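Below: the structure, in structure tokens.
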Amino acid sequence: MTTNYEIIIGLEVHLQLNTESKLFCGCSTKFGEEPNANTCPVCLGMPGTLPVINERAVEYALMACRATDCKINQYNKFDRKNYYYPDLPKGYQISQFDLPIGFDGAVTIETEDGYKDIGLTRIHLEEDAGKLIHAGSVADSDHSLVDFNRGGVPLIEIVSEPDLRTPAEAKAYLDALKQIMLYLGISDCNMEEGSLRCDANVSIRPEGQEEFGVKVEVKNMNSFKAVENALSYEVERQKKMLENGDVISQETRSWDDTSNKTVLMRGKEEADDYRYFPEPDLMPLEISDQWIKETDDNLPELPLAKKERFIEDYELPEYDAEVLTDDFKLANLFEETVGNYSNPKEVSNWLMGEFLKLLNEEGISPDESNITGNNLASLLKLIDDGTISSKIAKDVFEEMFNTGKEPEAIVEEKGLTQISDEDKLVEIINNILDENQDVVEEIQSGNERPVGFLVGQVMKETRGKANPQLANKLIREEVAKR
Ligand SMILES: [Zn+2]
């Protein structure tokens, strides 16, 4: 008999807030500086220095809390999490223990069975530690170097409830969370630069069993895909252990991307090990009703709400709404264009087609191109009034994308105006018919298929400038006359 297991996953996400300066001092948070360039006595943990809270970081944390429906501890405080590690010169990290800034929130994810709310246990503020640098791997290196540039950088830690039931749900949760934070503009969520890090807690239990299984923590996953893979691996590992009658031990494991396995890092530490106590050098944070209200009033429209509204207001297919709202900059461009041009589906087609294609080719984001809501709307109007063909429009679009020139100027400059002059087209068509006598006879004998070929010849002859519908009509007329 095989046992079915239920999978229980909870995620802890560390997100770097994109403030200009660190959480408790004025040092820059800029990525990629010389090692230890962004340091001062406070973030180097020199004795006698005092931390001063960065108000912007609190503001951002508050935004993250309210956008994920967290309640706020209006009286919250900082605590010292004590442990010794070379990247932590003070011997403690300033974090929040029993009174996090936010608690009891939720993030909505889309699953195959529809929407599902994933609970958030808490969101708290804390400072980052420094970074150890080794020559080669940790095991091979004969020395460690420490870079404290990241020490004291503001983070929020977002802890989910164990509500995730599959590795795919875990990935969907991360996608949704990242999208919300990008909409808020409070973090760049760049996993490669370490501004978004994720640890997972995973356990399994036989279906129907109330009691949770032993949970294992998995660290060092460097992409959302890696999170999904690591969780899938870990779930299988635990199943095999249980089926062999082995006991799963509570431990921390590390995901190894090259072998596609989780490997043992260390046994699990308990909160007791950290000897948390209130940070005596910082006043408690008091968050007024007014501050919460202002935060709520200033929250941008969030991704799911925007998607629903796009479907409702612009009558877009769900797929289009999903793609367009995936990035708020793309969504903004869509709305700007629709403000000047009243066919939303056509705008969507251009943005999802030509625009995303060019963005991918260039590897840039929507606001880095030269396309604006105004010049895209102008281009679409030029197609509608017959000035240019939609084929030519693609070339004009690419030119607009690269140079930012107005479409009218490009059409004028390059002489791209569509040929809708019947006399001129008839002349071109008759030349082509003369050269393709056999095709003419085929059409005359009742086979209409070669008409398309002749339209193609006309388009070629006019370098795409002929109006294809008109050419089609005139070809039929001219063939009939022969
Ligand atoms: Zn500093």
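In table form, for the structure just shown:
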read-out: Matching residues, the range 37-47, being open to solvent by 40 Å² or more (accessible area, probe 1.4 Å), within 10 Å of the ligand (Cβ to nearest atom) and in contact (Cβ under 8 Å) with a residue 60 or more places away in the chain; value: L44
read-out: Helices (runs of 4 or more DSSP H) within the range 262-355 that include 3 or more residues closer than 25 Å to G114 by Cα and open to solvent by 50 Å² or more (accessible area, probe 1.4 Å); value: 303-314, 318-325
read-out: Check on N54, modelled with pLDDT of 95 or more, surrounded by 14 or more Cβ atoms within 10 Å (Cβ to Cβ), within 30 Å of the chain's Cα centre (by Cα) and within 16 Å of the ligand (Cβ to nearest atom); value: yes
read-out: Residue identified as part of a loop (DSSP other than H, G, I, E, B) and either touching a Cys at 6+ places or on another chain (Cβ under 9 Å) or within 16 Å of the ligand (Cβ to nearest atom) (or both) among E34, E12; value: E34
read-out: Residue that is farthest from N220 (Cα to Cα) [pool: residues in the range 242-260 that are small (G, A, S) and not in a strand (DSSP E or B)]; value: G245
read-out: Selection within the range 78-95 - more than 17 Å from V42 (Cβ to Cβ) and in a strand (DSSP E or B); value: D79, K81, N82
read-out: In the range 22-31, residue surrounded by the fewest Cβ atoms within 10 Å (Cβ to Cβ) [restricted to those that are within 8 Å of the ligand (Cβ to nearest atom) and not charged (D, E, K, R)]; value: G26
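The values are calculated or read from the model by the stated rules, or taken from the named source; none is laboratory data. Keep in mind the model is a prediction, meaning the values are calculated, not measured. FYI the Cβ positions are ideal-geometry reconstructions off the backbone, even for glycines, and counts take in every protein chain you see. Note: areas computed on protein heavy atoms with side chains; ligands, DNA, RNA excluded. Shrake-Rupley method; radii C 1.70, N 1.55, O 1.52, S 1.80 Å.
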